[in-house]
Amino acid sequence: MLGEAVRDLRGRTRGEVMEPGDGGYEPARAAYNAMATGRPVAILRPADMPDIIAAVRWAAESDLAIGVRGGGHSVAGHSSPNGALLIDLSRWRGATVDPAAYTADALAGSRLMDLDAATFAHGLAAPSGTFIDTGIGGLTLTGGISWLLSSEGFACDALTGAQLVTADGDVLEVDEQREPEVLWGLRGGGGNFGIVTHLRYALTPVPAMFGGRLRFRGDAVREAILRTFEVEASAPDELVLAIVAWRAEDGSPAISVNVGWRGDPEGGTAAIRALADHPACYETDLKAMSWLQQQSLYQPIPFGLRQYWKGHLVGRLDETLADALIASAAEETNESFALVELIHGRAHRIPESWAAFGGRAAVANVTALAIWSDPADDEAEIAWARRFADRVSPLSLRGGGYLNYPELDQTAARVAAAYPPDSWARLRQLKRRLDPANRFHFNANIPPADA
């Protein structure tokens with residue numbers, strides 16, 4: 001029966017349609033996280049907007065849920081939806097820039113590298129993310145933490161417009177004049193409201209960056225973490241810091257404080273001098289950079305590894321977090337590490353009413369990233385990540401994590417806890433309007449409000 005329905009989908013669309021058994025199906029459905037094993041009923045790589053509209057209406061007639069893939073980097077496996085239709089936008093890539101208006105329009109399958117290359121040519125940038133191979137769609141719609149976080153806010157804050165195909169197959173042009181409530185919801189509500197096909201960003205000039213890493217080890221690592229918190233407490237908007245903690249080769253805890261300074265080397269050097277002069281700092285690679293160089297600071301994590309991420313948006317930085325980092329970094333793992341993305345500046349000053357994003361009041365995104373390759377290590381690695389999340393849970397804003405870094409078994413309660421109660425209720429009303437059957441539920445799902 002489903003085979004006949006898929007043939008019908010092929011007849012309605014111009015793009016490539018794949019189903020189980022087809023030659024290209026397995027690589028097309030393969031997930032970023034090898035632990036995500038979802039098998040879509042069909043995969044459509046749409047040729048154009050009419051394909052997407054036709055496919056959405058076909059899914060409704062076939063009573064199928066819909067998943068969407070852009071860059072495909074969903075650790076929770078949302079971009080490999082089991083038993084559903086997958087709309088694969090990974091080939092919808094490219095961005096155009098209006099340098100006079102300081103805006104960029106990007107196709108939803110674009111990666112950060114596509115957006116960055118287009119904007120950099122004009123000396124501009126959009127706040128986005130930190131891994132250049134990440135898809136812009138899911139990243140932006142669910143938050144977006146970048147090296148411009150403190151001076152420009154989250155990626156979703158820079159979203160000024162979008163094109164959205166709803167669960168009915170209707171096309172909405174979304175901006176502040178048309179559908180302002182939908183724009184509010186897209187700024188942090190994820191892929192709950194339909195298929196975003198195009199995104200428009202407000203851009204900002206970024207003529208120069210200064211960045212790199214400061215690495216720490218030895219008995220004073222804990223004190224170096226606390227000093228990083230002190231620097232963060234009075235940091236100017238130009239400075240963005242992140243802490244990575246891992247187990248060194250000798251079995252001791254080690255950390256890297258990763259730096260992004262928007263401006264000249266002299267200002268950046270002064271801003272982090274208290275860290276660079278710390279006795280536990282044994283190596284630095286700080287230097288003047290272009291925006292593209294800063295965006296390449298992190299090496300992409302390959303597809304096909306086994307992953308389990310879990311953490312919290314936290315409301316304070318203190319010894320509890322320092323001790324959690326040290327304890328987790330002392331435990332034996334494979335390629336796993338703990339990440340603390342510090343938040344201050346304009347990210348806090350933008351009004352809560354601007355976006356649905358629920359982490360505005362957080363002072364950091366704190367997440368354990370368990371990464372390994374051997375299934376025999378599943379239990380140990382997952383337990384390591386959960387222990388770290390438990391250790392930092394007393395600092396959590398509301399018990400929820402950063403929804404761009406979801407755990408594979410994320411609960412409905414954890415999703416709800418990522419938002420303030422008023423925002424959650426408002427998002428559920430918007431979901432009821434745009435997707436009352438919850439056809440788009442392969443995401444950090446917001447259930448429709450009750451009738």
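The values are calculated or read from the model by the stated rules, or taken from the named source; none is laboratory data. All values reported here derive from a predicted model rather than from experimental measurement. Cβ atoms come from the backbone with ideal geometry, glycine included; neighbour counts cover every protein chain shown.
Only one of the numbered conditions (1) surrounded by fewer than 22 Cβ atoms within 10 Å (Cβ to Cβ); (2) modelled with pLDDT of 95 or more; (3) over 22 Å from Ala235 (Cα atoms) is violated by Gly311, and that is (1).
Given Leu397, Leu430, Leu403, which one is in contact with a strand residue (DSSP E or B) (Cβ under 6 Å, 6 or more places away or on another chain) and buried (at least 20 other Cβ atoms within 10 Å of the Cβ)? Going through Leu397, Leu430, Leu403 in turn, the sole match is Leu397. Hey, any hits in region 121-142 for a residue that's touching a His at 6+ places or on another chain (Cβ under 7 Å) and over 28 Å from Ile66 (Cα atoms)? No, that holds for no residue. The requirement of being surrounded by 17 or more Cβ atoms within 10 Å (Cβ to Cβ), under 24 Å from the mean Cα position of the chain (by Cα) and part of a loop (DSSP other than H, G, I, E, B) is fulfilled somewhere in region 206-225, by at least one residue.
Looking across Gly161, Gly135, Gly109, Gly191, one residue alone is outside the structural domain of Met289 (by TED's automatic domain parsing) and in contact with an Asp or Glu (Cβ under 6 Å, 6 or more places away or on another chain). It is Gly161. Is one or more of the residues making up region 172-182 buried (at least 24 other Cβ atoms within 10 Å of the Cβ), out of contact with any His (no Cβ under 8 Å at 6 or more places or on another chain) and either modelled with pLDDT under 95 or over 25 Å from Ile272 (Cβ atoms) (or both)? Yes: region 172-182 contains one or more residues that are buried (at least 24 other Cβ atoms within 10 Å of the Cβ), out of contact with any His (no Cβ under 8 Å at 6 or more places or on another chain) and either modelled with pLDDT under 95 or over 25 Å from Ile272 (Cβ atoms) (or both). Filter region 357-381 for residues that are surrounded by 20 or more Cβ atoms within 10 Å (Cβ to Cβ) and part of a helix (DSSP H, G or I) and give the result. Result: Glu381, single match. Filtering region 407-427 to residues that are buried (at least 20 other Cβ atoms within 10 Å of the Cβ) and β-branched (Val, Ile, Thr) leaves only Val415. Considering region 141-171, and only residues there that are part of a helix (DSSP H, G or I) and touching a residue at least 60 places away in the same chain (Cβ under 8 Å), the residue that is surrounded by the most Cβ atoms within 10 Å (Cβ to Cβ) turns out to be Leu149.
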